[in-house]
Amino acid sequence: MSELGLCSRREADEWIENGWVKVDGKVVTTLGVRVSPHARIDVDPAAAQHQSEQVTIILNKPVGYVSGQAEDGYQPAMVLIKPENRWADDPSPTRFKPGHLRGLAPAGRLDIDSTGLIVFTQDGRIAKHLIGRDSAVEKEYLVRVEGTLSDAGMKLLQHGLELDGVRLKPARVSWQNENQLRFVLREGRKRQLRRMCEAVGLTVTGLKRVRSGSVPLGPLPVGQWRYLRRDEKF
C-alpha cells in the first residue's frame, strides 16, 4: 500500500489492524502477510476519513530546542505545540484537540542552535514526501556568516563539495545581503549548511529555515505554531 502511494507504512499497519484492508475480497488483519503483485487491494472509506482528519503543524522553532527526542537536558520543540502558543493570526479554521498531538512527529531536523520552520505531521504521506529517500523538496535557509567568500568558494558551495565522502547535490546559493547567504537545498545532511560554510572558510553565526517546498515561514512568530491549511501543499 505504501508503494502504491495509498499511505505510509505506519498507516498501512494501522489500517490492517483496524480491519480496513481487503485483499481479493478478504479482510486481512495480520501484519506482514505477503500478497501477489496482482492482488486487488480495497481500503475501507473509514481509512480515508481517518487520513483526512490528520493534521500537519508548522512551528517557528526557537534556538535551544531539539527537533526530536529530548537530549542533553534540552527540550524537544514539540513541547511548544500547545493551545497558548498557537499563532493568533492562524488562518486555519481547525480547532485544537489533544488528539492532534497523538502520533505527531517532526518531518525533518533543525539543529538546536538554528531557528525557523519545522514541520510536525500525523500524515505519513507528508513525512515521506518531505524526508523520504527520494524526496526532492526544496528547503530554503538564510545563513548569517563571518569571513570572506571568494568566487571559487561560492562555486564550491553551489556544486563541488563533499561531506563524509558523499558528493552533495547542487545547491542555489546567493548573497541576501553583505552578512547573509541564501541557500536552497534538496537534501538535509546533518549540520550540512554549517559544514559547507566551514569548508569554504566561513563561520555561521545564525541559521534560519524560511521555506519547505512551497510553504513559507512567513510572519509566524518565533515559538508559535499554526496548522497547515487545506489549500497548502509542500
Next on the checklist: Please determine whether any residue of the stretch 116-127 is farther than 15 Å from residue 228 by Cβ and of a type outside the set (Gly, Ala, Ser).
Outcome noted: no
Checklist outcome for this item: Every listed condition ((1) surrounded by fewer than 19 Cβ atoms within 10 Å (Cβ to Cβ); (2) modelled with pLDDT of 95 or more; (3) touching a strand residue (DSSP E or B) at 6+ places or on another chain (Cβ under 6 Å); (4) over 12 Å from residue 227 (Cβ atoms)) holds for residue 79 save (3)
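For the stretch 170-209, how many residues meet the condition of being of a type in the set (Phe, Trp, Tyr) and either surrounded by 14 or more Cβ atoms within 10 Å (Cβ to Cβ) or assigned to a loop (DSSP other than H, G, I, E, B) (or both)? Steps first, answer last, please.
Start the filter on the stretch 170-209 by keeping residues that are of a type in the set (Phe, Trp, Tyr), which leaves 175, 183.
Next cut, either surrounded by 14 or more Cβ atoms within 10 Å (Cβ to Cβ) or assigned to a loop (DSSP other than H, G, I, E, B) (or both) only: 183.
The qualifying residues number 1.
Hey, any hits in the stretch 32-42 for a residue that's outside any loop (DSSP other than H, G, I, E, B), in contact with a strand residue (DSSP E or B) (Cβ under 8 Å, 6 or more places away or on another chain) and without any contact (Cβ under 8 Å) to a residue 60 or more places away in the chain? Explain how you work it out, then say what you get.
From the stretch 32-42, those outside any loop (DSSP other than H, G, I, E, B) are 41-42; that's our starting set.
Subset that is in contact with a strand residue (DSSP E or B) (Cβ under 8 Å, 6 or more places away or on another chain): 41-42.
If we keep only those that are without any contact (Cβ under 8 Å) to a residue 60 or more places away in the chain as well, we get 41-42.
For the stretch 32-42, residues outside any loop (DSSP other than H, G, I, E, B), in contact with a strand residue (DSSP E or B) (Cβ under 8 Å, 6 or more places away or on another chain) and without any contact (Cβ under 8 Å) to a residue 60 or more places away in the chain: present.
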Next on the checklist: Anything in the stretch 132-167 that is under 28 Å from residue 60 (Cα atoms), modelled with pLDDT of 95 or more and out of contact with any helix residue (DSSP H, G or I) (no Cβ under 7 Å at 6 or more places or on another chain)? List them, or say none.
Outcome noted: 138, 139, 140, 142, 144, 146, 147, 158
Checklist entry - Name the residues in the stretch 76-126 that are within 30 Å of residue 205 (Cα to Cα), of a type in the set (Ser, Thr, Tyr) and assigned to a loop (DSSP other than H, G, I, E, B), would you? => result 114
Next on the checklist: So if I check each of 124, 147, which one is farther than 30 Å from residue 5 by Cα and either small (Gly, Ala, Ser) or crowded, with 17+ Cβ neighbours inside 10 Å (or both)?
Outcome noted: 147
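The values are calculated or read from the model by the stated rules, or taken from the named source; none is laboratory data. Predicted, not measured: the structure shown is a model, and the values here were computed from it. All Cβ positions, glycine included, derive from the backbone under ideal geometry; neighbour counts span all protein chains shown.
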